[in-house]
Amino acid sequence: MKQRKLTKNALAMSIACSLAFSLTPDFGGVAYAAEPDSKQSQETTETVKADSKPAQEYTLESVTVEAKRPDWESKLSPGTVTIIRPDDYKGEQKTLPELLKDVPGVHVRYVSGKGQYTTVSVRGSTAAQVGVFVDGVLSNLGGDAAVDISTIPIHNVERIEVYRGYIPARFGGTYMGGVINIVTKKPDKANISAQVGKSSWGGTIAGLEITQPLGSGSLMIGINRDESDGDFRYENPYSKEVYARDMPGLQANMNFFIRTVNDNLDLYTGINPGYSTLEEVDAAFNNPAVYNQYLSAIRGNWYWLNWHSSKQEMLDDYILNNRASTLAEAEQLYNQEAKAQLDDVRTSLHNQSAGTRKLMSELSNDNTRWRKNNDYKNTDAIIKWQDDHWLVKGSWKKIDRGMPRRVDGDPTLSTIVDLPDKFERKRQELTTKELMVGRRDMSGNLEWGWQLNYLDQDKRYRNPDYQKFGKIPAVFEEWSAFDSRRLGGAIDGTYKAGDNHLLEFLANWSKEKMDVNGSRMDKYDFEPSLTNRERFRTYYEHTLFNLQLQDTITLNQAADLWLTPSIRYNYSKVMGRALGKSDLNKWVDQEDSQVNDKVTWQVALKKQVDEHLTLRSTYGTYYRLLNLYEIAGDGAGILPRPNAYNDPKYAGQSIFPVPEEGTQWDLAAIWDGRLLGANSSKVQLTYFGRDSKNMLHLYRFGYNFWSYTNARKGQANGVELQADFNWDKWDMSLAGTYLHTKQQTKYNAPSSSTGEIYFSYPQLYTPEWEGSARLTYRPDNRLAVFGEVKYIDEMVTGIGAYDKPYGQTSLTTVGLGAKYKIDKDCQIIAGVNDLFDKGPEMTFNSGNNYSGSWQAQNMLLEYPLQGRTYYVTLQYKY
């Protein structure tokens, strides 16, 4: 066997294979570069241990590695990391949320239905406790509660890295749940590829990607379009049940009202026509001959004459009571009142039964429904140039989508939420522009780089139906605008300190500014002297600074035991400002700000037992810095918490929430070898836990506002399984999560009498079990047939009356598809998601269990999910 000297680029690749160490992935061909082609891979594996130095020793002059090339993906983090490659699913029209559902420990929540606002949580965290990065740059904005992952395109993406537990130092900040890093493709050889696809519910995708050598590097241009009508059919399983339950009672009410009309006609005219339907009543009164007959009869009816003995006596009474001055005026008044009485008879049914008639018209024995205002149009573009040192990237995206109205809690209404007069055509437009430039260099034992990034995001909400239901529009009801600008920069690197230390460092900074505006901001909605512009926050600033250091230490001569400690300093300053001082919110100043900072640490220990088995463990502390309105509020719906202590010195002051804190740990065993007769297999089993305090709780004070308070603490423990198997013609991937959470909430108005008193509170939107499986069959080198199964356990989604939890049912979906390679450049993909149409069957249970009341019924989800969806995609590479 022989030892091979490595070139500068091969040296960088070997360091990246041993330990990933850079802030910006796929940058300059040094850190996390895409796997080399098979020839390069074969060359780098033809190495041996040096006689005088242990294998995998960090050496810049002559790097030697084990005969088996290390898996660079497993070196991205000393903790748990999963890699998703979108190209493996190309043509299946999967979105980022759908890809993330195959990662153990990750839960995706379609807050407003598929294609709408969607969040992700990790190991029982909240969505705000997850950091989302694109090419190492943070996507979380201070003005957002959490990242809407439905807005992040995965076209032109090389891989998606999902970190749980231990977070590498190259990602600035601390995240109690985890980090998702999306790495765009590195421009390579000249190539042009295009794809176009169609799917159910009016779905269309199209994309063009061009890569071309340019100067000392390569250029990539990607343009993509993804749109859908979104209005889908679904079956409401409870519409017939509600119809059968409610219609008899409603019909009985209507019959009573119709009998009232008959009785009144008999009383006033002496005629009882015996009407039995509303249509008969309307037809009769709209017939001039019938109407005049009733009018003539009512004029001569003695009862209508109010006990007068004759019409003449009644006319004389009008004059006597000064209601008329002449007999002619009295006659005119007499005729008017007779007609008014008859008209009252005709309209009594409408006046008394409006609600009943409305519900009867809405109820249907047919359980087929349409989901409305659910469309979207997503367009994105990226241009990226890169060589061995420089990287320049610009991206642009625009999203225009409807905002569907949620299903009302009453199952009677849930059957008709999608009727034309039951939804508002609210719209959202989001435009984002990003620019990034950076450079990486290597000098002696130091590999380092810097980067600058700028982001501009404009959100626009509009509601052309804001006056549709006759209500007084609230602030922002007609339109609103949120404009954010963020400038950031970072410097990071890796330094080889001796034979057994590899130091990684990061320093980054960003400043975000956001302007807020909207309809009725200049109106006086609450007090004559107080405008909404004085109540609402109209400007925010958010400054972040992170300083982080990590060291990977080889502990033994055999170089199979590593210790990776890390220390982090994280700083945040938030400021929120209104245009005037608010007398309504007396404890809130015109401008409020808060500074938070803290030092946290984490450590990982990894042992390679043999060529198949690896054991690892991590432990660390976390400090999740808060976003803009969690601290400063919006001045109206969300405010800092008013001080509730009895001490007069605190009177008139607000209590700002502080960052969430906690500790996390995990233990894992990774087997990389042959199992179940597979040619290759990899199985990873992880046991994890997290203990959190100062967790945020959104609590309602009084009637007019909500406040974030650090009122919760809790624990999360669970097991993750990830397994991949490969046989000659079969591939199988498995992912599963078991998660157990405990949470406690303290009373939100602490005083000298209550103190720190906690009570149990369920963790919301955290299913106990979740998993997926995918099986692929490859009969030859042109055809692949695959099937998928995904399962989400039932979960608690809130607390109802009498502290009864309520939630949604479990969901199991099956997908099938096939890929066929027509020739070396052309491929067609077709398939179906949710084959058995289970999505719309998911239901919500109130948990109140009132006997005989609708609250005990299972109801539709607030935002019904699309069910069976077909798709077909054609790909071509030039």
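In units of the rule-of-thumb radius 2.2 N^0.38 Å, the range 240-362 shows an alpha carbon radius of gyration of 1.32.
Ranked by how many other Cβ atoms sit within 10 Å of their own Cβ, fewest first, the residues Leu739, Leu775 fall in the order Leu775, Leu739. Neighbours of Gly449 by Cβ distance under 10 Å: Lys/Arg scored +1, Asp/Glu scored -1, total -1.
The packing ranking, built from the mean of other Cβ atoms within 10 Å per residue, places the peptides 242-248, 261-267 in the order 261-267, 242-248, highest first. Estimated from the Cβ-Cβ distance and a Förster radius of 60 angstrom, the FRET efficiency linking Ile192 and Val599 is about 0.75. Taking 7 Å steps out from each Cα toward its Cβ at Leu721 and Gln744 produces label points 3.3 nm apart. This model, with +1 at the C-beta of Lys and Arg and -1 at the C-beta of Asp and Glu, gives the range 240-362 a dipole about its Cα centre of some 280 debye.
At a Förster distance of 30 Å, what's the computed FRET efficiency of Leu874 paired with Asp515, Cβ-Cβ distance as r, to 0.05?
On the way: r = 44 Å, r/R0 = 1.46.
My answer for the efficiency is 0.10.
Protection proxy ranking of 497-506, 384-393, 145-154, by the mean of other Cβ atoms within 10 Å over each peptide's residues and highest first, is 145-154, 384-393, 497-506.
Values quoted throughout were computed directly from the atomic coordinates according to the rules given, and no laboratory measurement underlies them. What you see is a predicted model; the values in this text were computed from it and never measured. So basically every Cβ, Gly included, is an ideal-geometry build from the backbone, and we count neighbours across all protein chains shown.
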